[in-house]
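Since the structure comes first, as structure tokens, the remarks are kept for the end.
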Amino acid sequence: MATIPNRESSSEFTVPEVVKEKIAAVVQRTWGARLLSGAILSIAAALVILLAAIVIDWAFVLFDPGQRAMVTYSAGLLMGLIGVGLIGFAGLRRLSPIETARQIDEQIPELQERWSSVSEFSTTNESEEYRGSEAMRLKVAEEAAALGGIVEPKQIRIGRELPIALGCLAGGVALWFFAFLIDARQTSILVRRFFAPSAAISLTQIKSENGDKIFPRGENLKLEASVSGRPRSDAILTINREDGTSESHPLELLSGDSPRFAFPLKNLQESFSYRFRSGDGETPWHTIKIAERPSFKRVDFRIVPPAYSKLKEFHQESLPKSVKALQGSKLLLTLESNVALKSLVLEGEDKVNQTPIAGEGNEYKLELELEDTWVFRPHMISEGGLTSEDATRCEIVVYRDQAPVVTIAAPTTDVAVRPDDTVTIAFDAKDDLGITRAELVVYDGSTN
């Protein structure tokens, strides 16, 4: 009749301390290596996911920050899930002492499976028929402890997980190396935009050449934008009018030394805001404010001659192209601009400039004594920076008051007369201002 082993019997057999410590050291080292492998694989996966995310951004030209944020958050979530999964799986795969002892026996044949045997002896509940006698187990334990000196935990191979993980990491790094090798600038921009999806970071940089400006009413303007970085062949110009309407104009890239876009606007009458967009880049909103060029709303031009000349005052309600003035006359000039001015200068062609004095409103006055001929052009700059378009040339020709000219008309030769004779003397007197009084001075023979 067969004997059934008693499986409920327990064993008080213990593993030698030296064997237990070295097995525990290998278990801990293996577990740490697996955790490290999981972390390295997580980093490698993150590198690949990040590269895939920026490739998606590059290929589909994600302009909307919301779309870029979705890619960033999705990639980050995937990185986190993979990282937790890999590290968690590695942490749960902890070797048992028996598995570790078998691994040590396989790598050190001199042990002749003694370490795995003593590990099994300490954990099994089989009867002595299956475990062997107590003396045999103690003998195996003594031999296992005696061979403990040839076991060095740091020299035990702990599996291929770590080399495989390092290989995967090297592959991920190689992919990034080639990405930077192909185009370091675009790659770095895409990486920065991945981590800051709402920031103004773009592969295509587009800049308005006009910017914000004040522009004269009724004139033509060409809106231009220059492109750098990753130029695109097309762009959109969006214009918002003051009445709330909006319009979009597709633009094509112009050939030349530098890529640019342009759009002409004619006869501008109202202010507007505009923005260029090309690829994933756009300009900020700029404003073109329409204003009037400075011009004269009123002109009062007066030349007041000296009182002695009895000449009439010259008056004109515009700047004369040319006018004569007696030396010593006064120029009284009043100018009123249609807009507020930053400056008003009467620029002389002889480099002698005059600056009228500002009065009430947009009125300016100048009082000047005329000594020499003066040719000038008014130059106005509005507070918005617009200049006067038509600088009328005004010439004031200053002439001198010439001395009177007197000539004897008769007699024209010397004559001899008696003391009681009457002599008629005729003479001509001329002056540029006219003769009001003439005197004849007679010298008798007694006067030297």
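Only one residue of A410, S248, V71 has its Cα farthest out toward the positive end of the dipole of the chain, where Lys and Arg carry +1 and Asp and Glu -1 on Cβ, and that residue is V71.
So which DSSP H runs in the chain come out at 24 Å plus along the axis (Cα) with average Kyte-Doolittle of at least -1.0?
For the chain, where a helix must reach 24 Å along its axis and average at least -1.0, the hits are 17-60, 65-92, 161-195.
Fully extending the segment from K312 to R192 would add 35.2 nm, taking 0.36 nm per residue of separation and subtracting the current Cα-Cα distance.
Taking the three principal axes of the alpha carbon atoms in region 141-225, the coordinate ranges are 108, 23, 13 Å, sorted in descending order.
When every Cα-Cα distance of the chain is counted in 10 angstrom steps from zero, the calculated P(r) takes the values 4, 12, 11, 9, 9, 9, 8, 7, 6, 6, 5, 4, 3, 2, 2, 1, 1, 1, 0, 0, 0 percent. Between V299 and E270, the FRET efficiency estimated from the beta carbon spacing at R0 = 45 angstrom works out to 0.95. Considering only I156, C394, A307, the residue lying farthest towards the positive end of the dipole of the chain is I156, judged by Cα position with unit charges set on Cβ.
What you get for the chain, charging only the Cβ of Lys and Arg (+1) and of Asp and Glu (-1), is a dipole of about 1300 debye around the Cα centre. With the convex hull constructed from alpha-carbon coordinates only, region 289-380 shows a mean projected area of 6.6 nm² over all directions. Rounded to the nearest 0.05, the FRET efficiency derived from the C-beta distance between F178 and S74 at R0 = 35 Å is 0.90. Please compute the Cα-Cα pair-distance distribution of region 198-270 with 5 Å bins starting at 0, giving whole percents from short to long. Percent of Cα pairs in each bin: 3, 13, 21, 24, 18, 12, 6, 2.
Were the residues from V415 through V61 laid out at 0.36 nm apart, the gain over their Cα-Cα distance would be 115.9 nm. What spacing in nm lies between the two simple spin-label points modelled at S226 and E21, each 7 Å away from Cα in the Cβ direction? Taking the simple label geometry, S226 and E21 are separated by 7.5 nm. For region 320-417, GluC sites (Glu not before Pro) are listed when DSSP marks them as loop and at most 16 other Cβ atoms sit within 10 Å of their Cβ; the list is E349, E360, E371, E383, E389.
In summary, the lysines within cross-link reach of K222, defined as a Cα separation below 17 angstrom excluding same-chain residues under 8 places away, comprise K207, K213, K266, K289.
The slack between L92 and E336, meaning 0.36 nm per residue of separation minus the straight C-alpha distance, is 78.8 nm.
Coordinate-derived values only; no laboratory data. Here the structure is a predicted model, which is why all the values come from computation and not from measurement. Neighbour counts run over all protein chains shown; Cβ positions are idealised from the backbone, glycine included.
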